[in-house]
1. Scan the range 83-106 for residues that are under 14 Å from the mean Cα position of the chain (by Cα) and either touching a residue at least 60 places away in the same chain (Cβ under 8 Å) or surrounded by 14 or more Cβ atoms within 10 Å (Cβ to Cβ) (or both) and jot them down.
2. Which of the numbered conditions does THR34 fail, given that it passes all the others? Conditions: (1) free of Cβ contacts under 8 Å to residues at least 60 places away in the same chain; (2) within 14 Å of the chain's Cα centre (by Cα).
3. Output the residues belonging to the range 77-101 that are of a type in the set (S, T, N, Q) and farther than 19 Å from GLY43 by Cβ.
4. If we keep just the residues of the range 1-18 that are of a type outside the set (Lys, Arg), more than 14 Å from the chain's Cα centre (by Cα) and crowded, with 16+ Cβ neighbours inside 10 Å, which is farthest from LEU68 (Cα to Cα)?
5. For the range 66-90, give me the residue count where each residue is among the charged types (D, E, K, R) and either within 18 Å of ASP53 (Cβ to Cβ) or in a loop (DSSP other than H, G, I, E, B) (or both).
6. I'm trying to understand the selection: among the residues of the range 19-29, which are surrounded by fewer than 19 Cβ atoms within 10 Å (Cβ to Cβ) and either touching a residue at least 60 places away in the same chain (Cβ under 8 Å) or in contact with a Leu (Cβ under 7 Å, 6 or more places away or on another chain) (or both)?
7. Based on what the data block shows, is GLY46 modelled with pLDDT under 95, within 18 Å of LEU14 (Cβ to Cβ) and surrounded by fewer than 18 Cβ atoms within 10 Å (Cβ to Cβ)?
8. Working carefully through the options LEU63, LEU52, find the one that is in contact with a helix residue (DSSP H, G or I) (Cβ under 7 Å, 6 or more places away or on another chain), closer than 24 Å to MET4 by Cα and crowded, with 20+ Cβ neighbours inside 10 Å.
Amino acid sequence: MRGMAVTAERARTLALALENATSYPHFHRVAFRTPRRTFATLGLDGDMNLMLDLSEQRRFCELAPQALSPVPGGWGRMGWTRCELSRIDAKTFRDLLSAAHARANAALIKKPRAQKKAPKPVSGAGARRRPARPK
């Protein structure tokens, strides 16, 4: 393990220092989010779960296997990654937190919408007429 381990208080401070980041209670944890997406949750027992894409999850888990692993079950298969704060060094943790935050913050970038096709004419030569209703 390189450098010093990260405390829960330090993890909270670093998470809230990120752009657009806020916190809110989430069951027995504290969640951190951008305006659109949660990117991490901090447990009372000194662990943090972070949302990564699957390639980032694999890379970070290989980089620090003593501290990082996919969350068990379906959450882990979606990219949620468990971090044991007492077992991770500060630099790796900052990189991990930044990756999770960048993924959540990317949701704020609006993608251009495809233009809708012009509606078909309702009258004129190409229009279909409805049959008259019986009275």
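The values are calculated or read from the model by the stated rules, or taken from the named source; none is laboratory data. In this text, all values refer to a predicted model and were calculated from it rather than measured experimentally. Note that each Cβ is placed from the backbone with ideal geometry, even for glycine, and that neighbours are counted across all protein chains shown.
1. Hits for the range 83-106 are LEU96, LEU97, SER98, ALA99, ALA100, HIS101, ALA102, ARG103, ALA104, ASN105.
2. Looking at each condition in turn, THR34 falls short on (1).
3. The answer is SER98, and nothing else.
4. For the range 1-18, the residue satisfying everything is LEU14.
5. 2
6. Scanning the range 19-29 gives GLU19, ASN20, SER23, HIS28, ARG29.
7. Judged against the criteria, GLY46 is a match.
8. Checking each option against the conditions leaves just LEU52.
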